[in-house]
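Quick notes on the structure that follows.
The values are calculated or read from the model by the stated rules, or taken from the named source; none is laboratory data. These figures come from a predicted structure and were not determined experimentally. FYI the Cβ positions are ideal-geometry reconstructions off the backbone, even for glycines, and counts take in every protein chain you see.
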Amino acid sequence: MAELVAKTYSEALFEVALEVDGLDRIAEEFQQVNESFVNNREFFELYRSPQFSTEERKAIINEVFRDGISAELRNFLYILLDKRRSGSVLEIHRAFMKRLDAHRGILEATVKSAEPLSEALKKELAVKLGALTGKDVRLKASVEKDLIGGLYIKVGDQVLDGSMKNRLENIKESLKHIIV
């Protein structure tokens, strides 16, 4: 349900941003609002708290983001308050940014390795994944020691698991099926 709410509202904001030819501006503003909520949990709790009236929370949003956000984004935040969806704003932002990436032809890939990857290797991997997918690839790399070696790559819904951990598990499964 939460995913559907995020997708629906993010799509609505995306369409408004396209309509007013302000996609980059609204994306940047929404990023700033999101960072404000993430970096200041008390502010986020105040925005989503039913202890204050909707009008009081709108006044706070207006005061905090007075000149920092467009009327379109301000009205969007007001709509979230009116529809009692203010608690979903972080998920809506995530869905909006994902939609923006899709619009720009950017695909996010996750790479896990047992050791940190060099910047050169990350760039090379992003280029190769981009050639495979036909999109620009934004690489998110992380270290997971239990992989032992090799790489675990997730691009969209596809997973390429070339880790030593996976290979050892496959060998283990194969050995279980050997009749002695």
Boolean, Glu56 is without any contact (Cβ under 8 Å) to a residue 12 or more places away in the chain and over 15 Å from Val89 (Cβ atoms): yes
Condition met for Phe44 (in contact with a His (Cβ under 7 Å, 6 or more places away or on another chain) and hydrophobic (A, V, I, L, M, F, W, C)): no
Boolean, Glu108 is of a type outside the set (Phe, Trp, Tyr), touching a Lys or Arg at 6+ places or on another chain (Cβ under 7 Å) and outside any helix (DSSP H, G or I): yes
Matching residues in segment 88-98 - criterion: being surrounded by fewer than 19 Cβ atoms within 10 Å (Cβ to Cβ) and modelled with pLDDT of 95 or more: Leu90, Glu91, Arg94, Met97
Among (1) loosely packed, with under 12 Cβ neighbours inside 10 Å; (2) assigned to a helix (DSSP H, G or I), the one test that Ser142 misses: (2)
From the options Ala114, Ala120, residue that is exposed (fewer than 12 other Cβ atoms within 10 Å of the Cβ), over 30 Å from Ser10 (Cα atoms) and not assigned by TED's automatic domain parsing to the domain that holds Asp21: Ala120
Residues located in segment 145-180, provided they are outside any helix (DSSP H, G or I) and of a type in the set (Asp, Glu): Asp157, Asp161
